[in-house]
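Taking it in order: structure first as structure tokens, then the write-up.
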Amino acid sequence: METKSSSSSNSVTIIHNAMIVTMDPESRVFKNGGIVIEQDKIKAIGQSSDILSQFSSVAHHLQIIDLHSHILLPGFINTHVHTSQQLARGIADDVDLMTWLHHRIWPYESNMTEDDSYLSTLLCGIELIHSGVTCFAEAGGQYVSGMARAVEKLGLRACLTESIMDTGEGLPTSWAMRTTDDCIQSQMELYEKHHNTADGRIRVWFGIRQIMNSTDRLLLETRNTAQELKTGIHMHVAEIPYENQFVKGNRKVEHGTVTHLEKINFLQNNLLSAHTVWVDDTEIGFLSRAGVKVSHCPAAAMRMLGFAPIREMLDSGICVSLGTDGAPSNNRMSIVDEMYLASLINKGREVYAKGTTDPTALPAETILRMGTINGAKTVLWDNEIGSLEIGKKADITVVHPNSWSMVPVHDWYESSFEVFATL
Ligand SMILES: O=c1[nH]c(=O)c2nc[nH]c2[nH]1
């Protein structure tokens, strides 16, 4: 699989003779399609013959590429990945989340240097590109400056965040604990320095690690500052039952994290709520009404968290997208694998949630939406990416047809998981 991120040269490129899966609002698929790319944007899209007849003689610097039998899709979007955990792959298998964090991950993260962070994001980014990703949302890690250097080099698009904590248990002595004011100040400085850099491919978001390590003042100041700067907030939410119990005791609410976040008016449409597994129907309603976006990470959920009510969230209108989480939560960094898992796990969950089978849960096209246009909405970038439409950036994933599992292909959406999984 190849990805083509938008180029900044002035040339015009025509790609023709390809299957184009647009993921636009009409879900158009051009079986023999063509696409015209001018500078870094899509200028035209349609039937191959129309595109060639209209555009093949108009431009001065014209490149024409025949992608016979290849499939073009919008670049996939990974909405929850800890790129700075890439060097920790395999250090925390088969342990519960609190052991994982307190004894494996935070000691590792707190000893990282800026160069480690650069290398880690670089390695992670290469693996993401290999599975067709052109944009990711960093879930919070060390050294946004190191991540930004890597993203600049990789040509990816990214929403970067620092890992922020101003209270709580479990932090190793090597972790430099900061005050609430320092946390906000540092995020604002990162925003000033890195937001909109790399030709606009880097955006800086605010990160809240998790409620157990955040005071309400940090939550609310983060909400206010992110709102002022018109940027997003990325936070782990309702991951395990212990988190909800902690919130009930510590914040004195009747249910868990989402109920508390609703009470303090933290929920809003720039919040990317990662995992969000342990929520009830009332809380799904809170998330839906506030326009919160949810990142579903099926592999990480199966390892440490549990079955999230993804179908119920989608039914209630929540924008749900897909994430790999970090390497030590998954061991694989493929958004295509997450599509495959999301499809199977959420079909299987019907048996346990409803007491009966339902293979219609999360059909293939829904899953592909979660990996593309829903991802773009989640990272607040859907005016520019997430579907192949005129005026959007030409962030394109190309799937090669040379795999046994692609023969024959009857339905492009349904086949896609089998097809991509082997690439
Ligand atoms: O999967 C996870 N990875 C993390 O790094 C993390 N931090 C808080 N909660 C977390 N969950």
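The values are calculated or read from the model by the stated rules, or taken from the named source; none is laboratory data. Just so you know, these numbers come straight off a predicted model, no measurement behind them. For neighbour counting, all protein chains shown are included, and Cβ atoms are generated from backbone atoms with ideal geometry for every residue, glycine included. Accessible surface areas use protein heavy atoms only, side chains included; no ligands, DNA or RNA. Shrake-Rupley method; radii C 1.70, N 1.55, O 1.52, S 1.80 Å.
Annotation note: Cβ proximity below 9 Å between a residue of the stretch 327-350 that is closer than 30 Å to SER117 by Cβ and a residue that is within 16 Å of the ligand (Cβ to nearest atom) and of a type in the set (Phe, Trp, Tyr) (sequence gap 6+ or interchain) occurs for PRO328/TRP100; PRO328/TYR108; SER329/TRP100; ILE335/PHE136.
In the set (1) within 29 Å of ASP411 (Cβ to Cβ); (2) open to solvent by 40 Å² or more (accessible area, probe 1.4 Å), the condition left unmet by MET339 is number (2). Pairing each residue of the stretch 39-63 that is surrounded by fewer than 14 Cβ atoms within 10 Å (Cβ to Cβ) with any residue that is of a type in the set (Gly, Ala, Ser), provided the two are 6+ apart or on different chains, yields C-beta distances under 7 Å for HIS61/SER11; GLN63/SER11.
Do the conditions hold for ARG311, that is, is it open to solvent by 20 Å² or more (accessible area, probe 1.4 Å) and closer than 23 Å to SER84 by Cβ? No: the conditions fail for ARG311. Note on the stretch 101-128: residues that are surrounded by fewer than 20 Cβ atoms within 10 Å (Cβ to Cβ), under 22 Å from the mean Cα position of the chain (by Cα) and either hydrophobic (A, V, I, L, M, F, W, C) or within 12 Å of the ligand (Cβ to nearest atom) (or both) total 4. Looking at the stretch 69-91, is at least one residue within 13 Å of the ligand (Cβ to nearest atom) and more than 21 Å from the chain's Cα centre (by Cα)? For the stretch 69-91, residues within 13 Å of the ligand (Cβ to nearest atom) and more than 21 Å from the chain's Cα centre (by Cα): present. Within the stretch 293-310, one or more residues are more than 16 Å from the ligand (Cβ to nearest atom) and in a helix (DSSP H, G or I). Looking only at residues in the stretch 212-233 that are under 20 Å from LEU171 (Cα atoms) and not small (Gly, Ala, Ser), the one that is most open to solvent (accessible area, probe 1.4 Å) is ARG217. Selection over the stretch 324-350 of residues that are part of a loop (DSSP other than H, G, I, E, B) and in contact with a Gly (Cβ under 9 Å, 6 or more places away or on another chain) gives a count of 4. On inspection, LYS193 does not qualify as without any contact (Cβ under 8 Å) to a residue 24 or more places away in the chain, open to solvent by 70 Å² or more (accessible area, probe 1.4 Å) and of a type in the set (Lys, Arg). Quick check: anything in the stretch 307-317 touching an Asp or Glu at 6+ places or on another chain (Cβ under 6 Å) and in contact (Cβ under 8 Å) with a residue 12 or more places away in the chain? No.
In the stretch 130-242, counting only strands (runs of 3 or more DSSP E) that sit wholly within it, the ones holding 2 or more residues that are hydrophobic (A, V, I, L, M, F, W, C), away from the ligand (no atom under 15 Å from the Cβ) and in contact with a strand residue (DSSP E or B) (Cβ under 9 Å, 6 or more places away or on another chain) span 133-138, 157-160, 202-204. Only one of the numbered conditions (1) within 16 Å of the ligand (Cβ to nearest atom); (2) hydroxyl-bearing (Ser, Thr, Tyr); (3) surrounded by 15 or more Cβ atoms within 10 Å (Cβ to Cβ) is not met by SER288, and that is (1). Has the stretch 173-188 got at least one residue that is surrounded by 22 or more Cβ atoms within 10 Å (Cβ to Cβ) and closer than 23 Å to LYS377 by Cα? Within the stretch 173-188, one or more residues are surrounded by 22 or more Cβ atoms within 10 Å (Cβ to Cβ) and closer than 23 Å to LYS377 by Cα. If we scan the stretch 245-254, do we find a residue that is crowded, with 23+ Cβ neighbours inside 10 Å, within 15 Å of the ligand (Cβ to nearest atom) and in contact (Cβ under 8 Å) with a residue 12 or more places away in the chain? No, the stretch 245-254 contains no residue that is crowded, with 23+ Cβ neighbours inside 10 Å, within 15 Å of the ligand (Cβ to nearest atom) and in contact (Cβ under 8 Å) with a residue 12 or more places away in the chain.
Taking (1) surrounded by fewer than 19 Cβ atoms within 10 Å (Cβ to Cβ); (2) within 16 Å of the ligand (Cβ to nearest atom) in turn, GLU350 satisfies each apart from (2). Only one of the numbered conditions (1) within 30 Å of VAL12 (Cα to Cα); (2) open to solvent by 40 Å² or more (accessible area, probe 1.4 Å); (3) assigned to a loop (DSSP other than H, G, I, E, B) is not met by GLY386, and that is (2).
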